[in-house]
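What follows is calculated from the coordinates using simple rules that are stated; it is not laboratory data. Quick caveat: nothing in here was measured; it's all calculated off a predicted structure. A quick note on method: Cβ atoms are made from the backbone with ideal geometry, for glycine too, and the neighbour counts reach across all protein chains shown.
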Amino acid sequence: MDLFGKKELKRRIKELEKKIEELEKYRKRWEKEKKRYKKAVTEKQEAEKKINRMEDRIATLKDRLESRQRENSESYEREKIGVSRAYRYLKNLSKTEIGKNTLTSYKPPKKGLLKSGMSEIFLHEPLTIKSVFMTPLILEEQEFISDRFVTEHFLKKLDSRTLFVHFSAGGSGIGIFENREPFELSVIRSDIKSKHKKGGYSQKRFERLREQQIESHRDKVEEKMDLYLKKGFEQAVITGSEGKKSLKDKIDGDVVEVKTRQGNIVEKDDIVDSFESGMGLYHVRLGKERAEDMMSEILE
C-alpha cells in the first residue's frame, strides 16, 4: 500500500528525466544544423526553457518525496488493539509517576490533531511516551499536565454500561456490557440464502426472496432490541452490515458506530469478540518532531 504516494512520485521523476534526455539529444542535434540557424536558435531556447522547468519540477518532486519519506519515518505508525489490552496499558499508565511535564490531552472527533474523525487521546512525555489513542467513543476536550498520564476519564467511558448491537444478516447479537464484561447477551439467528445457484429460482426471484429473509431477520432483531432498550444503559454502540441503520434510528441519543472483525454471530462468545474488536483503539506512535508540533498546538 502506497500510503504516502512515494511510488507515484518516483514514477513521475523517471518520466521527467526521460524527457530531459530526449530534449538534450535535440539540443545536440541543433549544433549540426547551422543552415537552419534562426529557427534552430528559437527551438534551442525553447528546449532550454523546458529543460529548466523540468529540472525545477524534478527538484520539487524530489523534495516532496524526501519530505514524505521523512514524515513516514518520523510521523507515526498505526495499529489496532483490542479493548482489553488497551485498557490494561492505559490503566498502568495512570498509576505510574513519570515526570512533572507529562501531558494528557483529550480531543473530540472534530478537533482531533490527526484528523482521524474519531476522538483522540494524546499522551506526551519528552523522554518516554509520544502516542495518540483513537477511539470511536465520544470524549470531551480537556488537558492535564501532571506527573503521570491522566487516563481515568477514558477508562470510565470503557467501563460504562453499554448497549452493544451487532447486526449481520443471518446472525446478529445484542448485549449489555458493564465494566467491559457481558452482563446479558442474546443471539438472533435466521436462515438466509447466501448466494444464487444455477437452476431452481431465477436470479430476480432469488434476490427478492433473500431481501424478504433479511427483512424478517431485521424484524426479529428489532423485537429483541426493544427489550434491551428498557434495561438502561449509559452509551449505545452498534456495528455490523449496512442494514443496521434502521436499528440505529430506534435508539434515543447518540449512537456510536464501530468497525469489527467479527462476521456472523453464531454464539454468545461471538458477541463478546465483536465487542472486544469494535471497542478497541487505534494506537499511533509519534515521531519526535510530530509529537512536539502537536504539543505546541495544544499549549499555544
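What's the FRET efficiency of Ile298 with Ser94 using the Cβ-Cβ distance as r and R₀ = 25 Å, to the nearest 0.05? Mind dumping the intermediate values first?
Values: r = 19 Å, r/R0 = 0.77.
The value I calculate is 0.85.
If neighbour count is taken as other Cβ atoms inside 10 Å, put Met279, Met54 in order from fewest to most.
Working: Met279 26, Met54 16.
Taking fewest neighbouring Cβ atoms as first place, the list is Met54, Met279.
Any chance you could run the full-extension gain for Lys18 through Ile145? It's 0.36 nm times the residue separation minus the Cα-Cα distance, nm to one decimal.
So the extension gain works out to 40.2 nm.
Please give the length that would be gained between Lys250 and Thr42 if that part of the chain were fully extended, namely 0.36 nm times their separation in residues minus their C-alpha to C-alpha distance (nm, one decimal).
In short, 67.5 nm is gained.
For all pairs of alpha-carbon atoms in region 159-278, what percent lies in each bin of width 5 Å, listed from the first bin to the last filled one?
Per 5 Å bin, starting at 0, the Cα pair percentages come out as 2, 12, 22, 23, 18, 9, 6, 4, 2, 1, 0.
With a cut-off of 13 Å, note down the residues of region 144-172 whose backbone N falls inside the zone around a label point 7 Å from the Cα of Arg189 toward its beta carbon.
170-172, by backbone N distance to the label point.
Please report His283, His153 as a ranked list, fewest other C-beta atoms within 10 angstrom at the top and most at the bottom.
The order, fewest Cβ neighbours first, is His153, His283.
Would you mind calculating the gained length between Val266 and Glu289 on full extension (0.36 nm times residue separation, minus the Cα-Cα distance), in nm to one decimal? Before the final figure, lay out the partial values.
On the way: separation 23, 0.36 × 23 = 8.28 nm, distance 4.69 nm.
Fully extending the segment from Val266 to Glu289 adds 3.6 nm.
Of the peptides 113-124, 245-256, 140-151, how do they stack up when ordered by the mean number of other Cβ atoms within 10 Å, highest first?
113-124, 140-151, 245-256
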